[in-house]
Amino acid sequence: MMTIRAMQKKDVNDVHRIELLSFRSPWSKASIASELNNKFAHYLVAERDGKLIGYCGMWVLFDECHITNIAVDPAERRAGVGKSLLLAAMEVGDYYGATSMTLEVRETNRVARDMYRKFDFEQQGYRRRYYSDTGEGALLLWNVNIQRTVQNNTCILSDFALQWETFEKKGASE
């Protein structure tokens, strides 16, 4: 079974490895590590059989949760890991006081856009030339009721075990 827990310092190398395999303009290892000290940041990692296979980062500010990045090891894609991470992020966001979630996605990333649509994200804006590596625009997506989305997707909750004890109360909701 897949487990999802809070990212720890020991996970930074594996998260960075997946970041490098997933993005044209990946975050540096130092940037990922610094998120562990950001009081608004909450990073989740997915593991199966002791191997880190994906991660999701988010910032919770007041009642909003902003997904900073989400990625799955290429060898594990199309197996529900991304869906599980996104749903877990919604649960964790709710735990920290968020009611809505937002993110940017490349306008050409059909796979991600299809997944987000299935989780009630709707386009609320467009950021022209958002991605500096290609000049591509980003769609600004919002889910305005993450609790409802979690309730409507309870069947996915059985695909993973969320290790709640690894998450601390911190940040804007304290």
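Just so you know, all these numbers are worked out from the coordinates, no wet-lab data involved. Predicted model only: the values in this text are computed from it and were never measured. Cβ atoms come from the backbone with ideal geometry, glycine included; neighbour counts cover every protein chain shown.
In order along the range 55-62, the phi-based Karplus estimate (6.51 cos²θ - 1.76 cosθ + 1.60, θ = phi - 60°) of 3J(HN,Hα) comes to 7, 8, x, 8, 10, 10, 10, 6 Hz; Gly and Pro are listed as x.
Each Cα pair under 8 Å and six or more residues apart adds its separation to the average, and for the range 1-135 the resulting relative contact order is 20 percent. Placing +1 on the Cβ of every Lys and Arg and -1 on the Cβ of every Asp and Glu, with nothing else charged, gives the chain a dipole about its Cα centre of roughly 400 debye. Only Cα pairs under 8 Å and 6+ residues apart enter the sum, and on that basis the relative contact order of the range 70-174 stands at 31 percent. Of the residues 48, 17, 128, the one that moves most in a GNM of the chain with alpha-carbon contacts below 10 Å is 128. Report the paramagnetic label zone for residue 132: residues of the range 1-41 whose backbone N is under 15 Å from a point 7 Å from Cα along the Cα-to-Cβ axis. Once the point is set 7 Å along Cα→Cβ of residue 132, 24-28, 31 turn out to lie under 15 Å by backbone N, inside the range 1-41.
Got a sec? Charge dipole of the chain, +1 on Cβ for Lys and Arg, -1 for Asp and Glu; which of 22, 125, 82 is way out at the positive end? So the residue we want is 22. Number of Lys-Lys pairs in the range 21-174 under 21 Å by Cα, sequence gap 8 or more or different chains? Number of lysine pairs found: 6.
In the list (1) 26, 21, 14; (2) 37, 27, 16; (3) 21, 20, 17, the label attached to semi-axes √(5λ) of the Cα gyration tensor in Å as derived from the coordinates here is (3).
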